[in-house]
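Only one structure is covered here, and it is reproduced in the block below.
The values are calculated or read from the model by the stated rules, or taken from the named source; none is laboratory data. Because the structure is a prediction, the values reported are computed rather than measured. Note: ideal-geometry Cβ built from the backbone for every residue, glycine included; neighbour counts use all protein chains shown. Heavy atoms of the whole protein, side chains included, go into the accessibility calculation; ligands, DNA and RNA do not. Shrake-Rupley method; radii C 1.70, N 1.55, O 1.52, S 1.80 Å.
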Amino acid sequence: MDLIVANWKMNYGGRDSLQLVEGLLERIKEPLPGEAVLCPPATALFMVGDRLKDTPLQLGCQNIFYEKEGAFTGEISPDFTREAGSNYAIIGHSERRQHFDEGPEVSRKVEAALDSGMTPILCVGESLQEREGGKAWAVVRKQLEEALEGINSEKLVGLAVAYEPVWAIGTGKSAQPEDAREMASHIIKELSYMKGLRVLYGGSVKPENIADFMALEEISGALVGGASLKAESFAQLIYWEK
Ligand code: PGA
């Protein structure tokens, strides 16, 4: 089933988040054509989670720490995001890799999400320089290896991997569908031992181009930043087939 994920990043506090949720709820009806997940900022998780109860929209979080509780000032417990209602956890987003040096700890976060009962949405993707240097797959493969290192493969059921070329995020310039297809097929081959794997595409997905990616057999969903910040455009993405 398609998986369309809204990554609101550090936009919208509690009140604005709820307003966006109301706008979405006005525009959808059950049953949804696929799964749709909203990932608000951590400070709005509980409020949004409460509002989404008994609706077809699901909750996700944008980041977690790998410990469940304790003396880690300012960190976000996977158990607490789960308590707020999160079914999904975005992990290793390129903005976190870039601004917070995330990398080696990603595998611990993937495992922590699974242990807390959430499905990880593991983000991978190369920079423009890496793509132009012909290294895109080598970079993504290394990110996958690092992110899954030491995790028992039987635990990794239903994992979502979001392929997001760094140069396509927030730029309005999406990848060529053929390049996304090629990368997704590498990922699927590399992780062929995994049950229920889904590969998503992310990077300037909008109502005008989502069908180009979703039409590809290798792509099972989209991770959306900018176009998820308005009810109208995100609702169009949920109903991309119509
Ligand atoms: P974008 O962001 O849709 O604004 O390019 C995607 C993402 O960062 O997940």
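Brief remarks follow.
- Inter-residue pairs, beta-carbon under 9 Å, first closer than 21 Å to residue 203 by Cα and of a type in the set (D, E, K, R) and in region 8-36, second assigned to a loop (DSSP other than H, G, I, E, B) and open to solvent by 50 Å² or more (accessible area, probe 1.4 Å), 6+ apart: 9/170; 35/1
- Condition check for residue 140: closer than 22 Å to residue 224 by Cα, open to solvent by less than 10 Å² (accessible area, probe 1.4 Å) and more than 15 Å from the chain's Cα centre (by Cα): yes
- Each residue in region 3-54 was checked for being over 15 Å from residue 84 (Cα atoms) and more than 16 Å from the ligand (Cβ to nearest atom), and 19 of them qualify.
- The helices (runs of 4 or more DSSP H) found wholly in region 1-115 and carrying at least 2 residues that are under 28 Å from residue 154 (Cα atoms) occupy 78-83, 94-99, 106-115.
- For residue 116, the conditions (1) of a type outside the set (D, E, K, R); (2) open to solvent by less than 30 Å² (accessible area, probe 1.4 Å); (3) at pLDDT below 95 are fulfilled apart from (3).
- Scoring residue 232 on the criteria (1) closer than 29 Å to residue 66 by Cα; (2) touching a residue at least 24 places away in the same chain (Cβ under 8 Å); (3) open to solvent by 40 Å² or more (accessible area, probe 1.4 Å) leaves a single failure, condition (1).
- Criterion violated by residue 145 - all others in (1) modelled with pLDDT under 95; (2) over 17 Å from the mean Cα position of the chain (by Cα); (3) closer than 30 Å to residue 69 by Cβ satisfied: (1)
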